[in-house]
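*Asks:* Sharing a structure below in structure tokens format, with a few things to ask.
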Amino acid sequence: MELMPGYKQSEVGVIPEDWELTPFVALGSVIDGDRGANYPGSRDFSSDGHCLFLNAANVTKAGFRFRECAFISREKDERLSKGKLKRDDIVLTTRGTVGNFAHYDATVSFENIRINSGMVILRNDSAALDTSFLYVFAQSNLMERQIERLTFGSAQPQLTVKGINELSIVVPSITEQRAIAQALRDVDALLATLDQVIDKKRDLKQATTQQLLTGETRLPGFIDEWQLKRLGDVVDTDPENLGADTATDFWFNYISLEDVDRGQLRSHSEQVFIDAPSRARRKLMPNDVLVSTVRPNLQSHLLFKGDAGHWVCSTGFCVIRCREGVTCPAFVFSHFFAADVNRQIDTLLTGSNYPAINSGDVRNLEIMFPSYVEQCAIATVLSEMDAELSALEARRDKTHNIKQAMMQELLTGKTRLV
């Protein structure tokens with residue numbers, strides 16, 4: 001392929017002629033973590049807690065994860081000889097989950113941090129390299145491909161210091177590095193803002209759900225008393241199933257337990273009865289509520305919206321079919337994510353070696369029911385909140401994809417900022 005004027009071929013792909021591809025070892029230092037297996041430390045920062053001691057699980061693709069990390073005393077800290085972070089260091093995981101990076105920049109509030117073995121510190125020693133740019137490059141697929149090539153071992157993948165010394169960095173001018181890093185930081189700031197808004201909306205939805213489903217807060221115009229009812233008295237469960245006389249060539253869309261994630265249908269498969277899994281038996285209609293009876297604490301429940309064709313789900317679900325004018329599907333479905341129903345389910349699971357319930361347990365759950373009209377009104381409010389959350393999450397995902405495209409353009413010089 002003919003190169004565009006002003007560009008050249010490199011080991012990481014086509015880059016501008018005025019950019020250099022430089023081994024990191026020529027620009028900075030690689031420092032091993034401390035072998036701190038004998039110093040597990042405590043989980044709380046107290047008068048004894050002197051130094052935060054991280055293991056590889058504390059470094060993710062999103063940066064540092066400070067939950068469930070250990071603090072070690074000053075005495076233990078002084079016994080260790082390396083692995084202490086300085087501001088602007090970058091941490092790279094090198095064993096197990098290889099290739100996660102975190103930047104110890106000014107946003108990290110902890111002052112005293114060490115890293116365990118299974119990680120290394122990348123320390124920039126060159127005035128020709130901006131550390132924020134290095135961190136951006138470290139998160140790109142240009143670095144990811146290099147790390148994949150240099151990682152070995154299947155059971156316990158590893159990246160050695162020798163391999164790290166072979167990693168190369170594209171180096172534009174320092175001015176262009178800073179411009180690239182700033183542009184991507186701006187997108188990160190937008191992503192962080194969206195994440196904060198989504199978290200607040202989720203908290204608001206959870207609080208509103210609790211208040212509306214218990215009658216603590218009433219919608220305008222409703223004053224009738226609520227009644228405590230056994231679920232099986234107001235809905236039908238597992239109403240239709242494929243029998244042994246089902247035609248062997250009957251085609252259907254199949255929903256397994258693994259296809260559902262907290263109210264979201266992530267996937268499904270097409271099956272023909274003769275070859276279908278033995279659990280593919282429960283027939284579905286639009287607005288059926290699928291309640292996961294296997295590990296119900298994971299809340300893999302679904303309000304089935306319906307689609308063209310025949311649909312069947314696993315017998316690992318209890319299928320609830322609401323009665324017209326008596327129970328509202330979305331209202332019933334919401335209860336399986338609310339505190340009261342989950343407390344009842346937890347009681348059923350207590351002492352069990354296998355975390356599961358059955359359809360009889362689902363029928364025996366007790367729920368406070370308002371009138372059918374009020375059920376539908378409550379469901380509408382919660383549905384609108386869900387739609388708002390989904391729109392924000394879609395915007396966040398779109399922004400993330402834009403960032404990935406920007407990284408590809410900026411880090412290969414296809415788009416120049418200077």
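*Asks:* If each of Arg185 and Arg74 carries a label point 7 Å out from its Cα toward its Cβ, how far apart are those two points in nm?
*Replies:* A separation of 3.4 nm, rounded to one decimal place.
*Asks:* Can you give the Rg and Dmax of the range 347-418 based on its C-alpha atoms, in angstrom?
*Replies:* 24.0, 68
*Asks:* Starting from the amide H of His301, placed 1.01 Å from N in the peptide plane, find each other amide H under 5 Å away whose residue is 5 or more places distant or on another chain.
*Replies:* Sorted by chain and number, the residues that satisfy this are Arg262, Gly263, Ser292.
*Asks:* With 10 Å bins from zero, work out the P(r) of the chain over every alpha carbon pair and list the percent per bin.
*Replies:* All Cα pairs, binned at 10 Å, distribute as 4, 17, 19, 19, 19, 15, 7, 1 percent.
*Asks:* Looking at the range 150-256, which GluC sites (Glu not before Pro) are in a loop (DSSP not H, G, I, E or B) and have at most 10 other Cβ atoms within 10 Å? Write out the running numbers ahead of the final one.
*Replies:* Working: sites: Glu166, Glu176, Glu216, Glu225, Glu240; in loops: Glu166, Glu216, Glu225, Glu240.
Here the sparse-neighbourhood loop sites are Glu216, Glu225.
*Asks:* Step through the table entries Lys162/Lys414; Lys82/Lys162; Lys61/Lys403; Lys8/Lys414; Lys8/Lys162, compare each Cα-Cα distance with 20 Å, and write down the pairs that go over it. Present the calculation step by step, with values, prior to reporting the outcome.
*Replies:* Working: Lys162/Lys414 31 Å; Lys82/Lys162 18 Å; Lys61/Lys403 15 Å; Lys8/Lys414 12 Å; Lys8/Lys162 27 Å.
Violating the 20 Å limit, Cα to Cα: Lys162/Lys414; Lys8/Lys162.
*Asks:* Going by average Cβ density within 10 Å per residue, which order do the peptides 344-357, 396-409 take, highest to lowest?
*Replies:* Details: 344-357: 12.6, 396-409: 14.4.
Ranked by mean Cβ neighbours within 10 Å, highest first: 396-409, 344-357.
*Asks:* Please give the helix 141-150 orientation as an angle from the longest Cα principal axis of the chain, in degrees from 0 to 90, rounded to the nearest 10.
*Replies:* Once rounded, the angle reads 80 degrees.
*Asks:* If ligands, DNA and RNA are left out, what is the accessible area of Cys318 with a 1.4 Å probe, given in Å² to the nearest 10?
*Replies:* 0
*Asks:* Where only protein heavy atoms count, and the probe is 1.4 Å, what is the accessible area per residue for the chain in Å²? Walk me through the intermediate numbers first.
*Replies:* Values: 21890 Å² over 418 residues.
For the chain, the solvent-accessible area averages 52 Å² per residue.
*Asks:* Taking only the alpha-carbon atoms of the range 59-200, what semi-axes of the equivalent ellipsoid follow from 5 times the gyration tensor eigenvalues under a square root, in whole Å, largest first? Could you put the intermediate results ahead of the total?
*Replies:* Values: eigenvalues 114, 90, 58 Å².
Equivalent ellipsoid semi-axes, largest first: 24, 21, 17 Å.
*Asks:* Starting from the Cα-Cα distance between Asp249 and Val14, subtract it from 0.36 nm times their residue separation and give me the gain in nm to one decimal.
*Replies:* Numbers: separation 235, 0.36 × 235 = 84.60 nm, distance 5.33 nm.
Computed gain between Asp249 and Val14 is 79.3 nm.
*Asks:* Also, I was wondering about something else. Which FRET efficiency value, to the nearest 0.05, is calculated for Arg123 and Leu389 with the Förster distance at 41 angstrom and r the Cβ-Cβ distance?
*Replies:* Values: r = 41 Å, r/R0 = 1.01.
The value I calculate is 0.50.
*Asks:* Next question. Percent of accessible area on the range 137-246 owned by carbon and sulfur, 1.4 Å probe?
*Replies:* Details: 3050 of 6140 Å².
That fraction is 50 percent.
*Asks:* With no solvent and one equal point scatterer per Cα, compute the Debye intensity ratio I(q)/I(0) for the range 174-240 at 0.25, 0.26 Å⁻¹ and report its log10, rounded to two decimals.
*Replies:* So the normalised log intensities work out to -1.05, -1.07.
*Asks:* Continuing with the same structure: Just to check I understand the Karplus step: with θ = phi - 60° and J = 6.51 cos²θ - 1.76 cosθ + 1.60, what whole-Hz values come out for the range 253-260, glycine and proline as x?
*Replies:* Ordered by residue, 3J(HN,Hα) equals 8, 10, 10, 9, 4, 6, 7, 10 Hz.
The values are calculated or read from the model by the stated rules, or taken from the named source; none is laboratory data. Given the structure is predicted, the values throughout are model-derived calculations rather than measurements. Cβ coordinates were reconstructed from backbone atoms using ideal geometry, including for glycine residues, and neighbour counts include every protein chain displayed. Areas reflect the complete protein model, heavy atoms only, side chains present, ligands, DNA and RNA absent. Shrake-Rupley method; radii C 1.70, N 1.55, O 1.52, S 1.80 Å.
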